[in-house]
Amino acid sequence: MSINIAIFASGNGSNAENIINFFKDNNNVEIKIILTNNEYAYVIERAKRLNIPCFIFNKTELKNSNIVLNKLKEYDIDFIVLAGFLLKIPENILNVFPKKIINIHPALLPKYGGKGMYGKKVHDAVIASGDEYSGITIHYVNKNYDEGDIIFQKKCEVKNNDTPETLAKRVHSLEYNFFPKVIKKVLYENF
Ligand code: GAR
């Protein structure tokens with residue numbers, strides 16, 4: 001029997017695709033569905049191309065109904081991965097998936113986290129701060145943005161001439177390299 005995964009993504013979905021490819025030939029882990037709150041997200045095209053079902057919902061449906069939770073139940077989901085997902089996960093979902101939801105953040109939490117700290121905004125803030133290092137943080141999800149227990153961090157340099165785009169590229173390559181491996185480790189330890 002395989003461990004069934006749902007990926008939530010709000011935008012481009014390059015991490016989602018990378019995770020799907022990583023587990024493609026793994027008989028123990030199956031990416032069952034992608035969920036997005038953004039009907040224009042490029043991740044929807046990726047899902048089509050990769051032959052993964054995709055479910056689109058809006059913020060109100062997520063916050064005030066069981067529509068998303070029911071979709072997770074319908075697909076018999078065991079574990080949830082947030083890969084560039086913008087909204088807060090509501091308690092009805094958190095309660096059913098305790099310590100079974102993880103997120104990736106494109107900086108070294110607890111710095112540069114919280115509401116609205118997403119994608120380019122994070123890299124803008126890191127560059128403005130003059131920090132020598134940025135990196136990635138993979139953490140469990142709880143009811144506050146970016147505050148759940150940290151599972152893994154990896155640093156990279158911030159260079160003097162970095163723009164948000166060049167820094168994002170360096171951070172993305174850490175994400176592509178480490179996120180699938182960390183997901184695998186967490187799954188094998190917990191199931
Ligand atoms: C990733 O860099 C991820 O760390 C970040 O959004 C990007 C999504 O890229 N997540 C956050 O900022 C969460 N606060 P992708 O859609 O190409 O995977």
Single unsatisfied condition, LEU109 versus (1) closer than 18 Å to SER10 by Cβ; (2) not assigned by TED's automatic domain parsing to the domain that holds ILE31: (1)
Quick check on TYR140: is it outside the structural domain of GLU30 (by TED's automatic domain parsing), surrounded by 19 or more Cβ atoms within 10 Å (Cβ to Cβ) and of a type in the set (Phe, Trp, Tyr)? no
For VAL81: the one exception among (1) open to solvent by 70 Å² or more (accessible area, probe 1.4 Å); (2) in a strand (DSSP E or B): (1)
The condition from (1) at pLDDT below 95; (2) in a strand (DSSP E or B) that SER134 misses is numbered (1)
Residues in segment 6-28 that are among the hydrophobic types (A, V, I, L, M, F, W, C) and either in contact with a Lys or Arg (Cβ under 7 Å, 6 or more places away or on another chain) or modelled with pLDDT under 95 (or both) total 2
Is it true that some residue in segment 117-125 is in a helix (DSSP H, G or I) and touching a strand residue (DSSP E or B) at 6+ places or on another chain (Cβ under 8 Å)? yes
List the pairs whose first member sits in segment 58-70 and is among the hydroxyl-bearing types (Ser, Thr, Tyr), whose second member is in a helix (DSSP H, G or I), and whose Cβ atoms are under 9 Å apart, counting only residues at least 6 apart or on separate chains? SER65/ASN92
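The values are calculated or read from the model by the stated rules, or taken from the named source; none is laboratory data. As the structure is a computational prediction, the values presented were derived from the model and not from experiment. Heads up, the Cβs are rebuilt from the backbone with ideal geometry, glycines too, and the neighbour counts pull from every protein chain shown. Heavy atoms of the whole protein, side chains included, go into the accessibility calculation; ligands, DNA and RNA do not. Shrake-Rupley method; radii C 1.70, N 1.55, O 1.52, S 1.80 Å.
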